[in-house]
Amino acid sequence: MMIIKGEGRMVLSLRKWLSRILFVVIFTLLLLIVTGSYRWLVDVIAPVHPYKTPKGEALKVFQADPAAAEKGSLTDRLRWFYWYGE
C-alpha cells in the first residue's frame, strides 16, 4: 500500500470563492434594482385602479366618451395607449 502526500486534500482558492461571492452579491443587487424599477415603471404607466372607492365626497361615474382620453396631454395619451392598446 502506497501513501502519496497531498492526496485526499482539497485545495480551496480563497480568491476564487471571494470572486464567486462577489458575483452573487452584485447579481442579487442588480436583480433587486431591475425588479424595483420595473414595478415603479408599471405603477407610473398603469392608470388608477378603476374599482377603487372614491375618497371624500367624490362620486364614481362612468366615462361615456372614450375620445376624451385623446384630448389629454401626451403622457396621458401614451399611458392610455400602453395600458389599453388604443
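Just so you know, all these numbers are worked out from the coordinates, no wet-lab data involved. Worth saying up front: this structure is predicted, and the values here are computed from it rather than measured. All Cβ positions, glycine included, derive from the backbone under ideal geometry; neighbour counts span all protein chains shown.
Before moving on, here are some points about what is shown:
- Point-to-point label distance, Arg77-Tyr38, nm (Cα→Cβ direction, 7 Å offset): 3.0 nm
- Model label points for Leu14 and Tyr84, set 7 angstrom from Cα along the Cα-to-Cβ axis, are 6.4 nm apart.
- Computed E for Leu30/Glu57 - FRET, C-beta separation, R0 35 angstrom, nearest 0.05: 0.15
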